[in-house]
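The values are calculated or read from the model by the stated rules, or taken from the named source; none is laboratory data. Because the structure is predicted, anything quoted here is derived from the model rather than measured. Positions of Cβ are backbone-derived with ideal geometry, glycine not excepted, and every protein chain shown enters the neighbour counts.
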Amino acid sequence: MRPASILAGLVPPTEGESMPNQELVCEDCKQVFELTEEQRKYYAETAYTLPSRCDACEERRQAEKNAKKAARRPTKKRRW
Ligand SMILES: [Zn+2]
């Protein structure tokens, strides 16, 4: 009787292999962008939902938002 291990045929868990980057499609420019492992960790830890836009679009939106905010200053007092 040989101590032939059945387990020998099993694929061992790949060590040191990091999770593959997750590919997401940008809502705005429809381009595929990837989250780095670092980013994914960040989103996992902060429980934020994954971004639906690439960095460039996200930045642009942020800029637009700020611009709108700045433009929407209430002009309550009319001085005439
Ligand atoms: Zn984009």
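General remarks:
- Subset of region 41-61 (residues that are farther than 21 Å from Cys29 by Cβ and either outside any loop (DSSP other than H, G, I, E, B) or near the ligand (Cβ under 10 Å from one of its atoms) (or both)): Lys41, Tyr42, Ala44, Glu45, Thr46
- Taken together, Lys69, Lys65 contain a single residue that is surrounded by fewer than 10 Cβ atoms within 10 Å (Cβ to Cβ) and either more than 16 Å from the ligand (Cβ to nearest atom) or modelled with pLDDT of 90 or more (or both), which is Lys69.
- Residue within region 36-47 that is within 12 Å of the chain's Cα centre (by Cα) and hydrophobic (A, V, I, L, M, F, W, C) present: yes
- A residue that is loosely packed, with under 12 Cβ neighbours inside 10 Å, assigned to a strand (DSSP E or B) and modelled with pLDDT of 90 or more can be found somewhere in region 17-34.
- Considering region 26-40, the residues that are among the charged types (D, E, K, R) and within 13 Å of the ligand (Cβ to nearest atom) include one that is nearest to Arg60 (Cα to Cα), namely Asp28.
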